[in-house]
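Chemist: One structure coming up, written as structure tokens, with questions to follow.
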Amino acid sequence: GISKGHLIAGILAGLAACLIGAGWQVATRQGVTTSLNPIDLSLFRYGIPALILAPIWIRGGLLPRNIPPLLVILMVAGAGLPFGLMVMAGSQFAPVAHLAALLPGAMPICVALLSRLFLSEKSNGAQIAGFLLIMAGISLISHTSLSNATLGTWRGDVLFLAAAFSWAVYVIAFRKSGLSPWQGAALVNGWSLFLVIPAWFLLQTGALFEAATADIITQILWQGIFAGLLGLWVYGYSLIRIGA
């Protein structure tokens, strides 16, 4: 069982992760409406926390001992650059209301399914009822998007759902890795740094150098500090305390 102290700490960390995630979603949507593009935002999202956490991933290595390389790959793919690009690209097609509903809405369903398969964690009746309500909400949103398919909104919705599944993969891989929250955050951001740098040089359009200073500062704070550093840590802490 979970002690009362761990339960309270895990819930508070989970709530903090929700608040940071909500702010990140709004900031991401705002960011792609400026001259910045998804790869610019990804550079902030993973580059900044990777540099701050460099002492951890340099000391422990990007392939830590006693951790199967497959788990590392799944963690990086699940919460690293591929995840970020899906969310940021989807934000170009769909409004933030869809992002706010579909991404965090689909995450617990995906996590519950994968947890049952790989962690033997079962859902109780109240959780199942919640999942059914979430699925009903996702269906209503998806129906609206498909009814206006000419607007291209459905593309963003598909990317948000794919990102939700991707994050669930990270959750399972992180839980099985046995890493601490800081180690997990360092590993994901460290690998993503080496992925995003060549991608940025290949895909960047020079928009970053033309962006307003206020837009750059906003994205550095939300992408790099709040979401990439603090958000990933509190989420990992919550997972350790109260489970997937």
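Chemist: Leaving ligands and nucleic acids out of the surface, order 33, 28 by accessible area at 1.4 Å, largest first.
Modeler: Largest to smallest exposure gives the sequence 33, 28.
Chemist: Going by accessible area, probe 1.4 Å, with all protein chains left in place, what is the ranking of 6, 143, 98, largest first?
Modeler: Descending accessible area places them as 143, 6, 98.
Chemist: First select every other residue whose beta carbon is under 13 angstrom from the beta carbon of residue 99; then total the charges, Lys and Arg +1, Asp and Glu -1.
Modeler: Taking every other residue near residue 99 into account, the sum is +1.
Chemist: What order do 176, 4 take when sorted by accessible area (1.4 Å probe), most exposed first?
Modeler: 4, 176
Chemist: Quick one: among 99, 195, 19, which has the greatest mean-square fluctuation in a GNM of the chain with alpha-carbon springs under 10 angstrom?
Modeler: Checking each option, the largest mean-square fluctuation is seen for 19.
Chemist: Quick one: putting +1 on the C-beta of Lys and Arg, -1 on the C-beta of Asp and Glu, what dipole do you get for the chain around its Cα centre, in Debye to the nearest 20?
Modeler: Around 740 debye, computed over the chain.
Chemist: If you add up the charges near residue 112, with Lys and Arg at +1 and Asp and Glu at -1, over every other residue whose beta carbon is less than 15 angstrom from its beta carbon, what do you get?
Modeler: Every neighbour counted, the sum reads +2.
Chemist: I need the peptides 197-203, 49-55 ranked by packing, meaning the mean over residues of other C-beta atoms within 10 angstrom, with the highest value on top.
Modeler: Going from most to least packed, we get 49-55, 197-203.
Chemist: Evaluate the relative contact order of the range 150-244 (contact order divided by residue number), counting alpha-carbon pairs under 8 angstrom at least 6 apart; express in whole percent.
Modeler: Relative CO of the range 150-244 lands at 55 percent.
Chemist: Subtract the Cα-Cα distance of residue 199 and residue 139 from 0.36 nm times their separation in residues, and report this length gain in nm to one decimal.
Modeler: The residue 199-residue 139 span can extend by a further 18.2 nm.
Chemist: Next up: Once the other residues with Cβ under 13 Å from the Cβ of residue 196 are scored (Lys, Arg +1; Asp, Glu -1), what is the net sum?
Modeler: 0
Chemist: Rank 105, 224, 207 by how far each Cα sits towards the positive end of the charge dipole of the chain (+1 on Lys, Arg Cβ; -1 on Asp, Glu Cβ) and give me just the farthest.
Modeler: Among 105, 224, 207, the one farthest towards the positive end of the dipole of the chain is 105.
Chemist: What is the calculated FRET efficiency for residue 120 to residue 210, with r their C-beta to C-beta distance and R₀ = 51 Å, to the nearest 0.05?
Modeler: Approximately 0.50, to the nearest 0.05.
Chemist: If I compute solvent accessible area with a 1.4 Å probe over the protein chains, what percent of it on the chain is carbon and sulfur?
Modeler: Of all accessible area on the chain, carbon and sulfur atoms account for 72 percent.
Chemist: Select from the chain the helices, each a whole stretch of DSSP H, whose alpha-carbon atoms run 30 Å or more along the helix axis and whose Kyte-Doolittle mean is at least 0.0; answer none if there are none.
Modeler: 4-32, 96-118, 125-147, 153-177, 181-203
Chemist: Let me have the relative contact order for the range 13-116, percent, based on Cα pairs under 8 Å that are six or more residues apart.
Modeler: 42 percent
Chemist: Over the chain, calculate the relative contact order: mean separation of alpha carbon pairs under 8 Å at least 6 apart, over the residue count, as a percent.
Modeler: Here the relative contact order equals 45 percent.
Chemist: Given the rule -39500 (n - 2.57) for each run of at least 4 DSSP H residues, summed and divided by the residues of the chain, what is its mean residue ellipticity at 222 nm, to the nearest 500 deg cm²/dmol?
Modeler: Mean residue ellipticity at 222 nm (helix-derived): -25500 deg cm²/dmol.
The values are calculated or read from the model by the stated rules, or taken from the named source; none is laboratory data. No experiment lies behind these values; they were computed from the predicted model shown. When we count neighbours, we look across all protein chains shown, and the Cβ atoms used for this are built from the backbone with ideal geometry, even at glycine. Note: accessible area is taken over every heavy atom of the protein model, side chains too, but ligands, DNA and RNA are not part of it. Shrake-Rupley method; radii C 1.70, N 1.55, O 1.52, S 1.80 Å.
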